[in-house]
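Worksheet for the structure shown next.
Taken together, the values in this text are just the output of simple stated rules run on the coordinates, not laboratory data. A quick note: this is a predicted structure, and the numbers were derived from the prediction, not measured. So basically every Cβ, Gly included, is an ideal-geometry build from the backbone, and we count neighbours across all protein chains shown.
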Amino acid sequence: MTLRLENVEVTIQSAPILRGVSFELGDGERLGLVGRNGAGKTTVIRTITGLATLAGGKVFWNGTDISGMPPRERAELGFGYMPEDRRLVPELTVEENMLLPAWANDAIDGPKGLSFVYDLMPELTQMSGRKALLLSGGQQKMVALGRALIAGRSLLLLDEPFEGVAPALAKRISEVIASLKSEGLSVLIAQSELSHSMELLQRECVIERGEIIKETEELLNKYKQKQD
């Protein structure tokens, strides 16, 4: 499955937020979208999910134009979204929060997804009955990742998955994402810097003021060479 953005433009309250954004995410590929706060990273992800309205350009999934497709139908394609601020329901339990996509959309197999997430992150099994408001910020990130995985069996969109997370939990989240390589998931990770995820990625796109200014493998290759 391939995701392609073609000259995407988004305007919010007459202000241009995305200016001709174009890039492609291949089947099973892991791509980093890097930029400072306010560069447009979150708007790119919201555009892919259908939560932001296009002012111009197109979004393609597996060669099909989905620019006019509503968010609910994109979820049926296997799109999973982990927002930067987690957006858990405080009074619901960990398990209930993760099952929300399946409750909202009959096309998502909740029990199957939950089994997959628990196998992937056994620590969530131990806290499944705890309310989200009792969790640390890092634990909430893991729950948000689990929720995204229940919906996102084809495409995973992660917005700042490591921000504000203790080093040990950031490392664990990185391990979980790395383990998804065998699942064939296409993964887009939006973040301000690459320190937690360079080893996970195959390519990097840099976004600045709503435009892709660089797309390269060079930085990632240099990093991986240092690790060898």
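List of remarks:
- Measure of compaction for the chain (Cα Rg per 2.2 N^0.38 Å): 0.98
- Between V89 and E9, residue separation times 0.36 nm minus the direct Cα-Cα distance comes to 25.6 nm.
- Rounded to 5, the percent of DSSP beta bridges in the chain classed as antiparallel: 55 percent
- Over 32 Å apart at the Cα level, from the set K171/K214; K131/K214; K112/K171, are K131/K214.
- Virtual paramagnetic centre 7 Å along Cα→Cβ of T125, amide N under 19 Å, in region 84-117: 94-99, 110-117
- Of the trypsin sites (Lys or Arg not before Pro) found in region 1-82, those that fall in a DSSP loop while having at most 16 other beta-carbon atoms within 10 Å are R36.
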